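Asker: Here it is, the structure, as structure tokens.
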Amino acid sequence: DEYSLRDRKDYKLLLGHDIYCRSRIYNGPRKDLLGEMDQLRDMGFGSFIMELLDEDQPQRILDAFSSEEGLALEMTTRGHYNRGVE
């Protein structure tokens with residue numbers, strides 16, 4: 001079953017849960033920090049998690065992640081990466 005909410009910009013926000021019954025609300029546009037990999041490593045991050053929720057070409061995304069080459073995907077965001085959270 002798929003459940004979702006709509007935000008003020010009319011983006012569909014998927015709802016999910018894990019095996020521990022913790023709920024998650026996923027961002028409407030895809031979050032893409034592939035172009036920031038070097039900076040993230042410089043900050044000390046050594047591993048990354050990728051969640052492919054509603055993708056029609058998951059292998060294309062996995063290949064881009066492995067090669068660290070950018071993708072031309074529609075509707076992406078870096079979330080609060082540059083501006084932080086207030």
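The values are calculated or read from the model by the stated rules, or taken from the named source; none is laboratory data. Note that the structure is a prediction, hence the values are computed from the model and not measured. Here the Cβ is made from the backbone with ideal geometry for all residues, glycine too, and neighbour counts use every protein chain on show. What goes into the accessible areas is simple: the full protein's heavy atoms, side chains included, and nothing from ligands, DNA or RNA. Shrake-Rupley method; radii C 1.70, N 1.55, O 1.52, S 1.80 Å.
Asker: Is one or more of the residues making up segment 42-58 assigned to a loop (DSSP other than H, G, I, E, B), at pLDDT 80 or above and β-branched (Val, Ile, Thr)?
Answerer: Within segment 42-58 (the criterion being assigned to a loop (DSSP other than H, G, I, E, B), at pLDDT 80 or above and β-branched (Val, Ile, Thr)), the answer is yes, since at least one residue qualifies.
Asker: Now for a different question. Yes or no: SER4 exposed (fewer than 11 other Cβ atoms within 10 Å of the Cβ), modelled with pLDDT of 85 or more and among the polar types (S, T, N, Q)?
Answerer: no
Asker: Let me ask something additional. Say we look at segment 12-52 and pick out the residues that are aliphatic (A, V, I, L, M) and in contact (Cβ under 8 Å) with a residue 24 or more places away in the chain; which of these is least open to solvent (accessible area, probe 1.4 Å)?
Answerer: Result: MET37.
Asker: Just one of GLU86, GLU68 is at pLDDT below 80, open to solvent by less than 100 Å² (accessible area, probe 1.4 Å) and among the acidic types (Asp, Glu); which is it? Break it down stepwise before answering.
Answerer: Details: GLU86 fails: open to solvent by less than 100 Å² (accessible area, probe 1.4 Å).
On inspection, the qualifying residue turns out to be GLU68.
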